[in-house]
Amino acid sequence: MTEFAHLSETAASKLALSNRDRIQHIKKARWIGYGRAREILSKLEDLLAHPAQARMPNMLLIGETNNGKTMLVSKFREKHPAEANVDGDAINIPVLYIQAPPGPDERGFYNAILTRLFEASPRSEATDAKRDRVVGVLRRVKLGMLMIDEIHHLLAGAYVKQRNCLNVLKYLGNELCVPLVGIGTAEAMRAIQTDPQLANRFTPEVLPRWERNAELARLLASFERVIPLQRASQLVSPALAARIVDAAGGTIGEMSTLLNMAAIHAIETGEERITAEILEGCGYASPVQRKQAASAL
């Protein structure tokens, strides 16, 4: 398949599919590795392997919405699935991922953990009893790491509730001696910084906006390698790269959406490559355009 040197071997093999099936393939979620993501994945591995101690190191994974946090966390979780424990009374869970409740709600936080573990969450159960049960269950499954997505929701709201949720995080970390990984926006980092003890334990790892630089060129080259189009698009060309990153507002999720829509449009029109005209005509609405449309209502 040397005539398709712009594609990976797997992507080139997809050219044999019908246009409909090729479009379905393009719509599937995919992992695009890049330098900063690989660096954070390595740090997560180090955290998971850290010996248990009284003051465990933690991580705060910070990034804007749609800038790759969820995909990165999913990639890490895939490597550490729950393990069968035929000789014990519970499976082993190296990494437990939960989504924080929509507000600073201690009971809601405990319920999120229990629900994820298929444990009952009686409404009548006292908060203290629920907390003790959470700790007991997490010890039973030999938890290695707790990942809390949308952690900024848990740390929002009035000062008293925010402080209470910060204390809950400290308590769980101290009791379980496992690393906590918070995933959220800059608001979470600001909240954590109000507690000196937690600020010292949570190392912020930021996924920044993408800019017009060599790292962006490498990312776009990776995208081009996996999107099965018959002709080379040269996404790394300065003009195309600038158009893509600017339209997407500098986030990888928006770039992926734009490139998917453009690739589908390229297939449907027979162009079979992504050009400035294809980007313009694919129907993509940028974050700025969506915001302007909402403001006009």
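Quick note: the coordinates plus some simple rules give every number you see, no bench work behind them. Small disclaimer: the values here were computed from a predicted structure and weren't measured. Glycine gets a Cβ as well: all are built from the backbone with ideal geometry, and neighbour counts include every protein chain shown.
What to note about this one:
- Counting 0.36 nm for each residue step from Tyr171 to Asn85 and taking away their Cα separation leaves a gain of 28.2 nm.
- Taking every lysine pair in the chain that is 8 or more places apart or spans two chains, those with Cα atoms closer than 24 Å amount to 24.
- When you filter the chymotrypsin sites (Phe, Trp or Tyr not before Pro) in region 37-113 for DSSP loop state and at most 10 other Cβ atoms inside 10 Å of their Cβ, nothing is left.
- Rounded, prolate or oblate (a/c below 1.5 giving rounded, otherwise prolate when a/b exceeds b/c) for region 161-297 by Cα gyration tensor: prolate
- Gyration tensor (alpha-carbon) shape descriptor, the chain, a/c threshold 1.5: prolate
- Beta bridges from DSSP with both residues in the chain: antiparallel share about 5 percent, rounded to the nearest 5.
- Pair Leu15, Ile32: separation of 7 Å Cα→Cβ label points (nm): 2.0
- Dipole magnitude of the chain about its Cα centre (Cβ charges: Lys, Arg +1; Asp, Glu -1), debye to nearest 20: 320
- All other residues whose Cβ lies under 13 angstrom from that of Cys177 are scored, Lys and Arg at +1 and Asp and Glu at -1, for a net of +4.
- Cα gyration tensor, region 35-183 - rounded (a/c under 1.5), prolate or oblate: oblate
- Net charge in the neighbourhood of Ala90 (other residues with Cβ under 9 Å of its Cβ; Lys, Arg +1, Asp, Glu -1) is +1.
- Of Ala239, Ala266, Pro204, farthest towards positive along the dipole that unit charges on Lys, Arg, Asp, Glu beta carbons give region 164-297: Pro204
- Region 62-133-region 271-287 distance, computed between alpha-carbon centres (Å): 40
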